[in-house]
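The structure under discussion appears below in the form of C-alpha cells.
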Amino acid sequence: VETQMHYMSRWRSIRIMYLTMFLSSVGFSIVIMSVWPYLQKIDPTADASFLGWIIASYSIGQMVASPLFGVWSNYRPRREPLVVSSAISVAANCLYAYVHVPHSYNKYYMLTARALVGFGAGNVAAVRSYIAGATSLTERTSAMANTSACQAIGFILGPVFQTCFTLIGEEGITWKLIHLQLNMYTAPVLFGAFLGVVNIILIFAIFREHRVDDMGRQYGSVNFAEESAGLDQDTEGNVDHVAVVAINFLFFVILFVFAVFETIATPLTMDMYSWTREEAVLYNGIILCVVGIESVVVFMVVKALSKKTGERAILLGGLLIILAGFFVLLPWGEKLPNIQWQEIKNNSIPQTTSTEMPTLALSLPAMKLAPQSTAQPVGCPVTQPWCFSTPKIYLAQYISSDVLIGLGYPVCNVMSYTLYSKILGPKPQGVYMGWLTASGSGARILGPVFVSQIYTHLGPRWAFSLICGVVTVSLFILEMVYKRLIAFSVRYGRVQE
C-alpha cells in the first residue's frame, strides 16, 4: 500500500515534469516571432530560405536528442538526462543572445543556437517516460493530458512573453563589459535561460525517482531510497510491436497535419483574403491563440471523457474531426481570389497592346484585381498559376477549419501518448518514448516542406486533398490495429479492461 508521504513525493515529481515540458515548449515559441528581424539585423546575407533552416533546426535537434535521452533515462537516474538537457538549453539560449558579437557567419551561430535549444528539448522523451512509469493505468490519461496541456500553454505564452519584451525596444541596453545587448531580441532568450536555471534547481531540490505498476503498486527504482528487490512478474511478457509501430505512424500523421496547418495559415490567408503581411501575422496570431486556449480546454475535458468511452474511441473521433477540418478547407465555390494588381500591372499589362486587351479580358473573366491603394502587393500572385482557376476559400471555411483542427489535434495528441505508454507496460519506456518524440519531430520538419511545395505549384485543392488522403489512410490503419491497442497488463490478463 502506498503511503501518503510516497504519494505526495510522487506527484510533486510529476509536477516538476509538467514544468519541464512547459519550459521546453516556451524555448521554441518565445523567439519564433522575432527570429526573422533579428536574423536580418545581425547578418544581412541571410535570406528567407535560411530562415527555414533555422526554424527547422529546433525539430532536427530534438529528433536527434530524443532517442539518446530516452536510452539514458532507461539505465541511469532520470535526474541526469533532465539536468544535462536543461543545462544545454540554458547554454544555447545564452549563445543566441551573443550571436551579434562575431564579425562574420552570424547566421550560422544562430542556427547552432536554435539546434542546441532543440537538442535540449529532447528531454521530452525522458519526461513522458517518467510520467508513464510513475502513474497507474487509472492515473495515466489524466497525467498525460496535463503534460500536453502544459506543453500547449508553453506554446501560447511564449509569444506573449516575446510581446512583453518588445517594450524594451530594438536598441535596448548594452552592457559593454560583457558585450551583452539587452533588447527585444535577446531579453526573451535570457528570460528562458533564467527559467531553465530555476528548473534545474527544482529538479535537484524536489524531484525524486518513483515507479509504480499499472495497478499503482510501488516498484523499486534506480535512485529511490526505498528500493525494493526489483521488478516482479508483471514486467514479464513481450511488447506488441505492431501496436507500437502503428501508434508511431499515427502520431507522425497527427504532427504532420498540424505542422501543415500552422505553416499554410499565413500564405493561405494572404492569397485568399488579400491580407497584408502585418494583417496576416496579427489575425493568424489571434486565431492561433484562440485555438491554443481551445486546446487547453479540450485537454481538460478529454480526461473525464476517456473514462466513459476509452482512449481508442476518442483517438478515432479525433482523427475524424481532423479529416473534417481539412475537408472543409477544400475550395468549393466559383469566385476566384483577387490577383496581385502590381504584378499584373508590371508584367502583363505593359506587354499587352490595346488590340490584345479584349483577349486578356476574355481569358480572365472572373478575375478581380486587388485594390491599388495598398503599399505592398496583396492577393494571389500571378506566379502561382492555380490562382486563375482555383476557387476562393471563404473566410467562414477557414475559421470553421481552425475550430475543427483545434478540437481534433489535442484529442489525438493526448490519446496517442496515453495509448502508447499503456501498450509499453511497466518496463522502462525511455527508448520507445524517444522514438515517438523523434517521429513527431520528423513530421514537423517534413510537414512545412511538403505543404510549401504542393501549395505553391498545385494550389490548396491538391494540398488539402492529399492531406485528407493521408488522414484517411491513418483511419484505415487505426481500424486494422484497433483491437491491439490495449494496455500491457490487459493483454496478459492481469487487469480487466
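The values are calculated or read from the model by the stated rules, or taken from the named source; none is laboratory data. If you're wondering where the values come from, they're calculated on a predicted model, not measured in any experiment. So basically every Cβ, Gly included, is an ideal-geometry build from the backbone, and we count neighbours across all protein chains shown. The accessibility values were calculated without ligands, DNA or RNA, using every heavy atom of the protein model including side chains. Shrake-Rupley method; radii C 1.70, N 1.55, O 1.52, S 1.80 Å.
Tell me, please, whether a residue that is over 18 Å from Tyr417 (Cβ atoms), at pLDDT 80 or above, in a helix (DSSP H, G or I) and open to solvent by 40 Å² or more (accessible area, probe 1.4 Å) can be found in region 301-319. Among the residues of region 301-319, at least one is over 18 Å from Tyr417 (Cβ atoms), at pLDDT 80 or above, in a helix (DSSP H, G or I) and open to solvent by 40 Å² or more (accessible area, probe 1.4 Å), which makes the answer yes.
Here is a yes/no grid of residues against (1) hydroxyl-bearing (Ser, Thr, Tyr); (2) at pLDDT 80 or above; (3) over 24 Å from Ile321 (Cα atoms):
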| residue | (1), (2), (3) |
| --- | --- |
| Leu364 | no, no, yes |
| Ala375 | no, no, yes |
| Phe388 | no, yes, yes |
| Ala396 | no, yes, no |
| Ile399 | no, yes, no |
| Tyr409 | yes, yes, no |
| Thr418 | yes, yes, no |
| Pro428 | no, no, yes |
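Filtered by the rule that a residue be open to solvent by less than 10 Å² (accessible area, probe 1.4 Å), in a helix (DSSP H, G or I) and either of a type outside the set (A, V, I, L, M) or at pLDDT below 85 (or both), region 126-140 gives Arg128, Ser129, Tyr130, Ala132, Arg140. Of the residues making up region 71-80, just one is open to solvent by 60 Å² or more (accessible area, probe 1.4 Å) and either on the phi > 0 side of the Ramachandran plot or among the basic types (Lys, Arg) (or both), namely Arg76.
Could you say which residue among Val117, Val90, Val99, Val83 is in a loop (DSSP other than H, G, I, E, B), crowded, with 17+ Cβ neighbours inside 10 Å, in the same structural domain as Arg211 (by the TED database) and among the β-branched types (Val, Ile, Thr)? Walk me through how you get there before you give the answer.
On the way: Val117 fails: in a loop (DSSP other than H, G, I, E, B); Val90 fails: in a loop (DSSP other than H, G, I, E, B); Val83 fails: in a loop (DSSP other than H, G, I, E, B).
Answer to the selection: Val99.
Any residue that is assigned by the TED database to the domain that holds Met215 and within 16 Å of the chain's Cα centre (by Cα) - is there at least one of those in region 32-46? Within region 32-46 (the criterion being assigned by the TED database to the domain that holds Met215 and within 16 Å of the chain's Cα centre (by Cα)), the answer is yes, since at least one residue qualifies.
For region 58-70, enumerate the residues that are touching a Pro at 6+ places or on another chain (Cβ under 9 Å) and buried (at least 20 other Cβ atoms within 10 Å of the Cβ). Don't jump to the end; show me each part of the working.
We begin by selecting, within region 58-70, every residue touching a Pro at 6+ places or on another chain (Cβ under 9 Å); these are 68-70.
Listed by number, the residues that qualify are Phe69, Gly70.
If you take the residues in region 21-57 that are of a type in the set (Phe, Trp, Tyr), at pLDDT 75 or above and over 21 Å from Gly440 (Cβ atoms), which one is surrounded by the fewest Cβ atoms within 10 Å (Cβ to Cβ)?
Phe50
So which of Gly459, Gly440, Gly430 ends up being buried (at least 23 other Cβ atoms within 10 Å of the Cβ), within 30 Å of Trp53 (Cβ to Cβ) and touching a Ser or Thr at 6+ places or on another chain (Cβ under 7 Å)?
On the way: Gly459 fails: buried (at least 23 other Cβ atoms within 10 Å of the Cβ); Gly440 fails: touching a Ser or Thr at 6+ places or on another chain (Cβ under 7 Å).
Exactly one residue qualifies, and that residue is Gly430.
Looking at Val490, Val481, Val451, Val471, just one residue is within 30 Å of Phe119 (Cβ to Cβ) and either in a helix (DSSP H, G or I) or modelled with pLDDT of 90 or more (or both), and that residue is Val451. For Ala46, the conditions (1) aliphatic (A, V, I, L, M); (2) touching a Leu at 6+ places or on another chain (Cβ under 8 Å); (3) farther than 30 Å from Glu209 by Cα; (4) in a helix (DSSP H, G or I) are fulfilled apart from (4).
The numbered conditions (1) outside any helix (DSSP H, G or I); (2) among the hydrophobic types (A, V, I, L, M, F, W, C); (3) touching a Pro at 6+ places or on another chain (Cβ under 9 Å) are all true for Val431 except (1). Tallying residues that are over 19 Å from Pro102 (Cβ atoms), modelled with pLDDT of 80 or more and open to solvent by less than 80 Å² (accessible area, probe 1.4 Å) within region 166-202 yields 14.
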